[in-house]
Amino acid sequence: MMTLEPPRGQGADDATDSDNWRALGLSRGGLSRFVAAAQSALGMRGEVSVLLAGDRTLRRLNREFRGKDKATDVLSFPAAEEMVEEFAGDLAISLDTARRQAAAHGHTLRDEVRVLLLHGLLHLDGMDHEIDDGEMAAKEAELRTRLRLPNNLIARATKTRKSRAVA
């Protein structure tokens, strides 16, 4: 089960809910089915709430909850351990950043949002690529293949860091 609302200010003010989703190239049903499939592949239970917003909102959340004053693509807020059977947690995704990343990597916003959803779900499931020895990257690569997704987010970040180090 998933709670998902279209982002404010991303569609026309007088447009219907489905028109706003269509204008983004996304669908509530498609994203809900993807999250359900990804959760099933992870063996994860509990509802997930997803906020689709812009860079400004993600920057505020990142600053408030992580002490980092910059926009980011996805934030994960796991539920308390005693709640995870009913509620797995919250995800926040920046559509502004997702659009830029999709263009940079040559795929659709729909695919980029799904890549970010998977990455966020792995964090909700307790994985952390910043402190593990590649376990999250391996799991994400496996699931990305099973769920037919493009480039692995962790692999992209590693590639970017390596290219910066060379320069």
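Read-outs: derived from the displayed coordinates by stated rules, not from any lab. All values derive from a computational prediction rather than experimental measurement. So basically every Cβ, Gly included, is an ideal-geometry build from the backbone, and we count neighbours across all protein chains shown.
Across segment 66-108, what is the total count of residues that are touching a helix residue (DSSP H, G or I) at 6+ places or on another chain (Cβ under 6 Å) and among the small types (Gly, Ala, Ser)?
Within segment 66-108, residues that are touching a helix residue (DSSP H, G or I) at 6+ places or on another chain (Cβ under 6 Å) and among the small types (Gly, Ala, Ser) number 8.
So which of Ser49, Ser76 ends up being surrounded by 14 or more Cβ atoms within 10 Å (Cβ to Cβ) and under 15 Å from Leu31 (Cα atoms)? Can you show your working first?
Working: Ser76 fails: under 15 Å from Leu31 (Cα atoms).
When all the criteria are applied, what remains is Ser49.
Under 9 Å by Cβ, and 6 or more places apart or on different chains, what pairs join a residue from segment 59-71 that is closer than 14 Å to Leu91 by Cα with one that is among the aromatic types (Phe, Trp, Tyr) and surrounded by 14 or more Cβ atoms within 10 Å (Cβ to Cβ)?
Leu61/Phe77; Phe65/Phe77
Scan Leu61, Leu118 and give me the residue that is within 17 Å of Leu147 (Cα to Cα) and surrounded by 14 or more Cβ atoms within 10 Å (Cβ to Cβ). Give the steps one after another, and end with the answer.
Details: Leu61 fails: within 17 Å of Leu147 (Cα to Cα).
Selected residue: Leu118, the only one of Leu61, Leu118 that is within 17 Å of Leu147 (Cα to Cα) and surrounded by 14 or more Cβ atoms within 10 Å (Cβ to Cβ).
Return the total of residues in segment 34-45 being crowded, with 17+ Cβ neighbours inside 10 Å and closer than 26 Å to Glu82 by Cβ.
At the first step, the residues of segment 34-45 found to be crowded, with 17+ Cβ neighbours inside 10 Å are 34-35, 38-39, 42, 44.
After this cut, where a residue has to be closer than 26 Å to Glu82 by Cβ as well, the list is 35, 38-39, 42, 44.
Final tally of qualifying residues: 5.
Restricting attention to segment 15-58, report how many residues are among the small types (Gly, Ala, Ser) and either assigned to a strand (DSSP E or B) or touching a residue at least 40 places away in the same chain (Cβ under 8 Å) (or both). If you could, list the steps in order and put the result at the bottom.
Step one: list which residues in segment 15-58 are among the small types (Gly, Ala, Ser), which gives 15, 18, 23, 25, 27, 29-30, 32, 36-38, 40-41, 43, 46, 49, 53-54.
Checking the rest, the ones that are also either assigned to a strand (DSSP E or B) or touching a residue at least 40 places away in the same chain (Cβ under 8 Å) (or both) come to 25, 30, 37-38, 41, 46, 49, 53-54.
Counting residues in segment 15-58 that are among the small types (Gly, Ala, Ser) and either assigned to a strand (DSSP E or B) or touching a residue at least 40 places away in the same chain (Cβ under 8 Å) (or both) gives 9.
Is it fair to say Ala98 is among the hydrophobic types (A, V, I, L, M, F, W, C) and crowded, with 16+ Cβ neighbours inside 10 Å?
Values: among the hydrophobic types (A, V, I, L, M, F, W, C): yes; crowded, with 16+ Cβ neighbours inside 10 Å: yes.
Yes, satisfied.
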